[in-house]
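Comments concern the structure below.
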Amino acid sequence: MNRRVLCGLCCAIFLFTGCAGRLFFSPGGKKKPPVPTILPRSNWAGGMPSGAYKTQTPAYITILDTPNGFDPDNPGAYLKQLAEDYIDSNGVGDIPVHYIIDQKGGILAGRPVNTVGQLTYGDRFFRSEVPQNHPMRGKTIDCRGHILVLLLGDYESTLPPPKQQEAMLDLIQYLVKEYRIAYFDVLGYRTYIQDSMNPGTALNDQLASLILKLAKSQAK
């Protein structure tokens, strides 16, 4: 997790945007945002699995998309397969992410926020396949402190639909206030994980400006 470049970038934001730069480092802004509508697991997964969880204190919000195997006409099938991959095959015991946002703007609850997300190296969240002989392949990635937010869709060359973007920002706005997370710590998954190109380039390149705009709106 080399964040030297990111720190330099955010220092530049601080210098050139004044108050907005300071807000980028501040948790939640001044306003108390509304709690977004979050559909419980029972709406899509039939309740909580009996996984072995590790507890965490949320400190980051990390954004992912779905580059591999996602059919926009059948998001339910993707979620079912994701759950099967992690609950049955990987032995993790639960879906790996904390929230899922569909392309119509629906926010679905995943694993509890106070439990560590459990992603594995080389899984479906890597845009290009990690070689079978890669020394990290199949090993659990350290996601302690990260609230993992999965956007359904492949955003390598296009941005999420407006309703999905709006839902993402509503959720981020709520989470940074609820858990006192700095806007600076809302980043793409690829920032932390070597070899991952997730989220896609279009979304990842736009993410910082979306978050800065959100931080400014909360300061008013």
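A few comments on the model shown:
- Taking the number of Cβ atoms within 10 Å of each Cβ as an exposure proxy, the fewest-first ranking of 37, 201 is 37, 201.
- Distance violations [Cα-Cα > 23 Å] among 54/216; 80/177; 163/213: 54/216; 80/177
- Extreme residue, positive dipole direction of region 84-178, given options 176, 134, 93 (C-beta unit charges): 176
- Cross-link reach is defined here as a Cα-Cα straight distance under 13 Å, omitting same-chain residues fewer than 8 places apart; for residue 104 the aspartates and glutamates meeting it are 73, 166.
- Net charge of Cβ neighbours under 14 Å - reference residue 157; Lys, Arg +1; Asp, Glu -1: -3
- Alpha-carbon centroids, region 177-213 and region 58-112: separation in whole Å: 17 Å
- 136, 168, 197 arranged by Cβ crowding within 10 Å, fewest neighbours leading: 136, 197, 168
- Under a model in which nothing but the beta-carbon of Lys, Arg (+1) and Asp, Glu (-1) is charged, region 95-195 shows a dipole of about 200 debye around its Cα centre.
- Other residues whose C-beta falls under 13 angstrom from the C-beta of residue 127 contribute a net charge of -4, scoring Lys and Arg +1 and Asp and Glu -1.
- Average 1/r across all pairs of distinct alpha carbons in region 56-190, invert it, and you get the Kirkwood radius: 15.3 Å.
Computed from the coordinates by the stated procedures, all read-outs in this text should not be read as laboratory data. Quick caveat: nothing in here was measured; it's all calculated off a predicted structure. Positions of Cβ are backbone-derived with ideal geometry, glycine not excepted, and every protein chain shown enters the neighbour counts.
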